[in-house]
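Scroll down for the structure; my scribbles are underneath it.
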Amino acid sequence: MRIIVWGINYAPEVTGIAPCNAGLCEYLQAAGDDVRMLTTFAYYPQWRKSAGDRGRLYRTDLVNGVTVHRCWHYVPARVTSLRRIWHEFTFGLTSALRALTLPRADVYVVVSPPLVLGAFAWLVTRLRRSRYVFHVQDLQPDAAAGLGMVKPGRFLRMLYRLERFAYRRAVLVSGISAGMMKAFARKGLPAAQTYYFPNWSHAAEPVAAPPGAGTRVRARHGVGEHDFVAFYSGNLGRKQGLEVLIETAALLAERPASVRPITLFVAGDGAARAELAAAVAARGLRNLLLRPLLDDADYRAMLATADLCLITQAAGTGQFFFPSKLLRVLEAGRPVLAVADADSELASAVTAGGFGRVLPPQNAAALAEELIRLAAAPEILAGWAARTSWVQVFAAPTVLGGYRRELEKLAAQKI
C-alpha cells in the first residue's frame, strides 16, 4: 500500500500524539508499505519551534526509515482559543498544498486534532481520487466545551458542523477508546464506518533503568534519597488540571512529616507551565519540584525510583480523550494514582486494571490524604504494581496489525 499519515505532531516530539504517529508510520514501513508522514516542524509541548526551524516553509527528513514532509505553520507564543484556531488552520493549508505535490496515496490516515484537517483531507482526496481515514485522538469540540474554552453558541455549532463534515466524508472513522466509539454512535455514525484503534503498548520493550540510576537522578534533581515520590510527566496544559497539585503540595507542607517526606515531581512543558511555575514560587513550595521534560534516560530512571505515578485530568474532560502516558507507566510496572472524573476513560481503565486508585478532580484535600496514606502503606502500592500487566491487552502487534489489515481492505476498494 501507498499510505500518507497526515497529522500535526511527529518525532522528535516525545509527548502526546507524536509517538503514536511515529509508531504507526514505522510499523507500516516495516510491514512493507510505502509510507510518508505529512506534518509540521516540531513545536510541542513547549509551543516553540527550534531556532533552525523558524521561518522554514517546507523540509523533507528521513526519520527511522520514514520519509517525513514538514510544513510551516503558525505557533503562538501564548496560546488562546483564537490563536489556536489560526495555528491549526495554517497547518491545514500548508500541508494540503504539500499533499497535492506528493505521489497519490491509496489511503490517507488523517489524525485529529486538528479537526480542520478533515475538510482539507476531503478536498485533497477528491482531487487525487483517493480516500481518507479520520483517526480521532481527541474529541476536540466536546473537550473545548467541557473545559469552558468555547461557550455554547454560533462558534461551537460551527465546530460540530466541521466535525460532522469530517466524519461523514471519511471512508472510516477510528477512535482510541470505548467512550469514543459510543460518542461516534451518538453523533450518528453507523458502526460499519467506525473502528476501535487504541493507542498501543510496547510491552515487549519494557521501560528499564540501569542499577543505581534512580539514586543518581534523585540527587541530580534535588529529590531526597528517602522521599516518597509521586511523579507526573507530560503536557502541562488546561486539560490536565494540574492546579490541584499546587493545592495538594500546600496542604502537605502544612502537615507534620509522615513516615516519609512526600515530594511531587512534575516534569513537562506546555501552555500552563509559566502559570504553574509562578504559583510554586509565590507559595514557596519546596515539596513540588517543577522540571522540564526529562530526556529518555532520566525519565526511565525517575520511573524506576518513583513510588507512584500521577495522571491528572481537568473536570469535565475525561470522556473525550485517553492519556497515552498511562501505557508507558504501566509498562514500567508503576502503580497509578489518577485524578479524573468517575465516568472518564482513565477511571474506567484504572478500575478495570486494578493497578491504582481514582480520586475526583479539584479535591486537593483528598489527594493529600491519599498520598499520606500510601506513603505509609508500601504493601498497597506493591499490590497495584503487581496488576500493571493489564497493559498487555494493548500489545502493539495486535493493535497495529489489526489496523493495517483494515487499511488494506480500504485500499483494495474501488473508488
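The values are calculated or read from the model by the stated rules, or taken from the named source; none is laboratory data. This is a predicted model, so every value here is computed, not measured. Every residue, glycine as well, gets a Cβ built from its backbone with ideal geometry; the counts of neighbours run over all protein chains shown.
For residues that are within 26 Å of R238 (Cβ to Cβ) and in contact with a Lys or Arg (Cβ under 6 Å, 6 or more places away or on another chain), scanning just segment 41-60, find the one that is surrounded by the most Cβ atoms within 10 Å (Cβ to Cβ).
Within segment 41-60, the match that is surrounded by the most Cβ atoms within 10 Å (Cβ to Cβ) is F41.
Kindly evaluate S324 against the criterion of being out of contact with any Gly (no Cβ under 6 Å at 6 or more places or on another chain), at pLDDT below 95, small (G, A, S) and closer than 28 Å to S177 by Cα.
Spelling it out, S324 is indeed out of contact with any Gly (no Cβ under 6 Å at 6 or more places or on another chain), at pLDDT below 95, small (G, A, S) and closer than 28 Å to S177 by Cα.
Among the candidates V358, V336, which residue alone is in the same structural domain as H221 (by TED's automatic domain parsing), modelled with pLDDT of 95 or more, under 20 Å from L236 (Cβ atoms) and not charged (D, E, K, R)?
Residue meeting the stated conditions: V336.
Quick check on this structure: which one of A396, A365 is farther than 27 Å from L252 by Cβ and either crowded, with 17+ Cβ neighbours inside 10 Å or hydrophobic (A, V, I, L, M, F, W, C) (or both)?
Just a single option satisfies the conditions, and that option is A396.
Can L115 be described as in the same structural domain as Q29 (by TED's automatic domain parsing) and either charged (D, E, K, R) or touching a residue at least 40 places away in the same chain (Cβ under 8 Å) (or both)? Before the answer, list the steps.
On the way: in the same structural domain as Q29 (by TED's automatic domain parsing): yes; either charged (D, E, K, R) or touching a residue at least 40 places away in the same chain (Cβ under 8 Å) (or both): yes.
So L115 fits the description; yes.
Output the strands (runs of 3 or more DSSP E) that fall wholly within segment 272-358 and possess 3 or more residues being touching a helix residue (DSSP H, G or I) at 6+ places or on another chain (Cβ under 6 Å), at positive phi and surrounded by 21 or more Cβ atoms within 10 Å (Cβ to Cβ), or say none.
So the answer is none; nothing clears 3.
So, of the residues in segment 171-192 that are out of contact with any helix residue (DSSP H, G or I) (no Cβ under 9 Å at 6 or more places or on another chain) and among the basic types (K, R), which turns out to be surrounded by the most Cβ atoms within 10 Å (Cβ to Cβ)?
K182
Among the residues of segment 117-159, which ones are more than 27 Å from L100 (Cα to Cα) and in a helix (DSSP H, G or I)?
P141, D142, A143, A144, A145, G146, L147, R154, F155, L156, R157
Restricting to segment 164-190, give me the number of residues that are of a type in the set (A, V, I, L, M) and either in a helix (DSSP H, G or I) or outside the structural domain of A143 (by TED's automatic domain parsing) (or both). Working first, answer last.
Pass one, segment 164-190, residues of a type in the set (A, V, I, L, M): 166, 170-173, 176, 178, 180-181, 183, 185, 189.
Now restrict to residues that are either in a helix (DSSP H, G or I) or outside the structural domain of A143 (by TED's automatic domain parsing) (or both): 166, 178, 180-181, 183, 185.
Of the residues in segment 164-190, 6 are of a type in the set (A, V, I, L, M) and either in a helix (DSSP H, G or I) or outside the structural domain of A143 (by TED's automatic domain parsing) (or both).
Which number in (1) outside any helix (DSSP H, G or I); (2) touching a Lys or Arg at 6+ places or on another chain (Cβ under 7 Å) marks the one condition that Y74 misses?
(2)
Across segment 143-170, what is the number of residues that are surrounded by 19 or more Cβ atoms within 10 Å (Cβ to Cβ) and modelled with pLDDT of 90 or more?
The number of residues fulfilling the criteria is 4.
Can you list the strands (runs of 3 or more DSSP E) lying wholly within segment 1-67 that have 3 or more residues being more than 20 Å from L400 (Cα to Cα)?
Counting at least 3 such residues, we get 58-63.
Does any residue in segment 404-415 that is outside any loop (DSSP other than H, G, I, E, B) and hydrophobic (A, V, I, L, M, F, W, C) come within less than 7 Å, Cβ to Cβ, of a residue that is surrounded by 10 or more Cβ atoms within 10 Å (Cβ to Cβ) and modelled with pLDDT under 95 six or more places away or on a different chain, and which pairs are these?
Every condition considered, the pairs that remain are L407/M1; A411/M1.
Of the numbered conditions (1) surrounded by 13 or more Cβ atoms within 10 Å (Cβ to Cβ); (2) under 25 Å from the mean Cα position of the chain (by Cα); (3) in the same structural domain as I246 (by TED's automatic domain parsing), P378 satisfies every one except a single condition; which is it?
Here P378 meets the rest and fails (2).
Is one or more of the residues making up segment 381-388 touching a Phe, Trp or Tyr at 6+ places or on another chain (Cβ under 7 Å) and among the polar types (S, T, N, Q)?
Taking every residue of segment 381-388 in turn, at least one turns out to be touching a Phe, Trp or Tyr at 6+ places or on another chain (Cβ under 7 Å) and among the polar types (S, T, N, Q).
Looking at (1) over 23 Å from Y44 (Cβ atoms); (2) part of a helix (DSSP H, G or I); (3) without any contact (Cβ under 8 Å) to a residue 24 or more places away in the chain, can you tell me which one E225 breaks?
Of the numbered conditions (1) over 23 Å from Y44 (Cβ atoms); (2) part of a helix (DSSP H, G or I); (3) without any contact (Cβ under 8 Å) to a residue 24 or more places away in the chain, the odd one out for E225 is (2).
Could you tell me whether T39 is assigned by TED's automatic domain parsing to the domain that holds F89, in contact (Cβ under 8 Å) with a residue 24 or more places away in the chain and of a type in the set (V, I, T)?
yes
Any idea which of L156, L162 is in contact with a Pro (Cβ under 9 Å, 6 or more places away or on another chain), within 20 Å of P190 (Cα to Cα) and among the hydrophobic types (A, V, I, L, M, F, W, C)?
Just a single option satisfies the conditions, and that option is L162.
Which count do you get for residues in segment 349-370 that are acidic (D, E) and under 20 Å from Q319 (Cα atoms)? Please lay out each step first, then the result.
Applying the first criterion (acidic (D, E)) to segment 349-370 yields 369-370.
Cutting the leftovers down to under 20 Å from Q319 (Cα atoms) gives us none.
So the count comes out to 0.
Being under 18 Å from the mean Cα position of the chain (by Cα) and in contact (Cβ under 8 Å) with a residue 40 or more places away in the chain narrows it down to one residue among F265, F322; which is it?
So the residue among F265, F322 that is under 18 Å from the mean Cα position of the chain (by Cα) and in contact (Cβ under 8 Å) with a residue 40 or more places away in the chain is F322.
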